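First up is the structure itself, then whatever we jot down about it.
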Amino acid sequence: MKIDKLKKVVTVNDIDYYPNIYLNAWGNWTIAYKSLNKNYLCSVCIEPANEPVNIADTLNCAINSGIGNARTFDDAVDMINNYIKTLGVE
């Protein structure tokens, strides 16, 4: 699995975000980057039966902004890392 490819800390606008992996209310694994104040940078739900949705495609949504979904953990890690690259974070 690519889970070890996640950055340990992502800093955006002087806020540090840390990776979190948990089960959401629908029983799906989720990978998210959250600050210590519980602010979200982004998240991806692992939903094997659904079509993938890119994080960037949800940024202007009133609900679920910054939340994508992928079919596998590896795909979710790739999606998150690609999104973080678009933020210019090294």
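Overview of values
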quantity	calculated
Residues that are in a helix (DSSP H, G or I), open to solvent by less than 20 Å² (accessible area, probe 1.4 Å) and of a type outside the set (Ser, Thr, Tyr), drawn from segment 48-78	ILE55, ALA76, VAL77
Residue within segment 34-47 that is among the basic types (Lys, Arg), open to solvent by 60 Å² or more (accessible area, probe 1.4 Å), without any contact (Cβ under 8 Å) to a residue 24 or more places away in the chain and in a loop (DSSP other than H, G, I, E, B) present	yes
TYR17 in contact with a helix residue (DSSP H, G or I) (Cβ under 7 Å, 6 or more places away or on another chain), hydroxyl-bearing (Ser, Thr, Tyr) and open to solvent by less than 60 Å² (accessible area, probe 1.4 Å)	no
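The values are calculated or read from the model by the stated rules, or taken from the named source; none is laboratory data. All figures in this text were calculated on a predicted structure; none of them were measured in a lab. Cβ coordinates were reconstructed from backbone atoms using ideal geometry, including for glycine residues, and neighbour counts include every protein chain displayed. All accessible areas refer to the heavy atoms of the entire protein, side chains included, with ligands and DNA or RNA removed. Shrake-Rupley method; radii C 1.70, N 1.55, O 1.52, S 1.80 Å.
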